[in-house]
Amino acid sequence: MAVIFYLSGTGNSLYAAQKAQDALTDCRLEKMGDYLRSPYKVQDDILGIVCPVYCFALPPFAAEFLRQLQAAPAYCFALVTMGANAGFALKQLHQLLAAQNIRLDYAQDIAMPDNFFAVPEFIRSKMLTAAEDKLAGMQRRLTAKEQDLSRCRDAFLWEHGGTALGWKFIRGILQADRPQVDGQKCVGCGICARICPAGNISMQDGRPTFGNSCAVCLGCLHWCPQSAIRAGRKKINSKTRYVNPQISIEKMDKVGR
Ligand SMILES: Cc1cc2nc3c(=O)[nH]c(=O)nc-3n(C[C@H](O)[C@H](O)[C@H](O)COP(=O)(O)O)c2cc1C
Ligand code: SF4
Ligand code: SF4
């Protein structure tokens, strides 16, 4: 049996996780957030970890998941999706798994459209086409249970600085970890609450309310059909809105266990 734990705000990482699932037999997908709510000893022979890159590193939410993870798989792989630069995310992931006595066998980064800095539509479609080749290669390597950690590189000095500065900018200046809703635009559809990977949104009186555990995935901003949510100073409009075209709200919603 195999399990893939994933974190995804706008569907890129979920799409990569689904592709990995297709390459394996008897494989289920689980949200990292669900595992964090009720951790358990993973019994599966094959373990996959899939998440985005934030500020050249792992999302703090994914790092927290890895610190809680209990597993002893025979084969372990990791995929990260990112706009342009995976930084040292895979190396960090490798180290966090090692701290849990889990040996990583294969790691891969896959470029997909950026959900933080908007890119034009024609670049998005080029990236998605290029990603298909990368994903097909990943599937072949998973099927063969290859060992390859060449993508787990150390951070360049500026990337360490970039991670610290990036989070200072995102949390301190943009205050993007504090989403807010425009009550005039919101139609109460509940999509934001359904897709939030951190379980940070609940619907009250037909409007979303936000807790204090935002993972800054920007999912609620991008999925909201009314562009009614902003994350501090960070706003999304119809031009900058992005969700992976292969992923539906129902798929984001799915609880895998
Ligand atoms: C807070 C934040 C920080 C990000 N930092 C990076 C980064 O350092 N490098 C990069 O290439 N992409 C970065 N991105 C873009 C995402 O990694 C990329 O769009 C990813 O595929 C999103 O995956 P998802 O759709 O599964 O959430 C960042 C996105 C967010 C929301
Ligand atoms: S997704 Fe947008 S419109 Fe729907 S409930 Fe959330 S904020 Fe309101
Ligand atoms: S509140 Fe919005 S930005 Fe924060 S984790 Fe949930 S979906 Fe992502």
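The values are calculated or read from the model by the stated rules, or taken from the named source; none is laboratory data. Quick caveat, the model's predicted, so the values are computed rather than measured. Here the Cβ positions follow ideal geometry from the backbone for every residue, glycine too, while neighbour counts run over all protein chains shown.
Just a few scattered comments:
- Residues satisfying the stated conditions in region 1-38, i.e. within 16 Å of ligand 2 (Cβ to nearest atom) and surrounded by fewer than 24 Cβ atoms within 10 Å (Cβ to Cβ): none
- Filtering region 203-257 to residues that are of a type in the set (S, T, N, Q), within 15 Å of ligand 2 (Cβ to nearest atom) and either within 29 Å of K41 (Cα to Cα) or within 16 Å of the chain's Cα centre (by Cα) (or both) leaves only S248.
- Contact map, region 26-47: first residue under 21 Å from R67 (Cβ atoms) and assigned by TED's automatic domain parsing to the domain that holds F61, second residue in a loop (DSSP other than H, G, I, E, B) and of a type in the set (V, I, T), Cβ cut-off under 9 Å, separation 6 or more or different chains; pairs are E30/V255; K31/V255; D34/V255; L47/I102.
- Among the residues of region 137-160, those that are surrounded by 12 or more Cβ atoms within 10 Å (Cβ to Cβ) and among the aliphatic types (A, V, I, L, M) comprise M138, L142, L149, A155.
- Residue in region 174-189 that is away from ligand 2 (no atom under 16 Å from the Cβ) and in contact with an Asp or Glu (Cβ under 7 Å, 6 or more places away or on another chain) present: no
- The set of residues from region 189-230 being under 21 Å from W167 (Cα atoms), assigned to a strand (DSSP E or B) and near ligand 3 (Cβ under 10 Å from one of its atoms) comprises F210, I229.
Let's see how each residue does on (1) within 16 Å of ligand 3 (Cβ to nearest atom); (2) within 24 Å of K251 (Cβ to Cβ):
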| residue | (1), (2) |
| --- | --- |
| S8 | yes, yes |
| L14 | yes, yes |
| E30 | no, yes |
| A63 | yes, no |
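- Boolean, S238 is under 26 Å from A131 (Cβ atoms), within 16 Å of ligand 1 (Cβ to nearest atom) and without any contact (Cβ under 8 Å) to a residue 12 or more places away in the chain: no
- Taken together, the residues in region 146-168 that are among the aliphatic types (A, V, I, L, M) and part of a helix (DSSP H, G or I) amount to 3.
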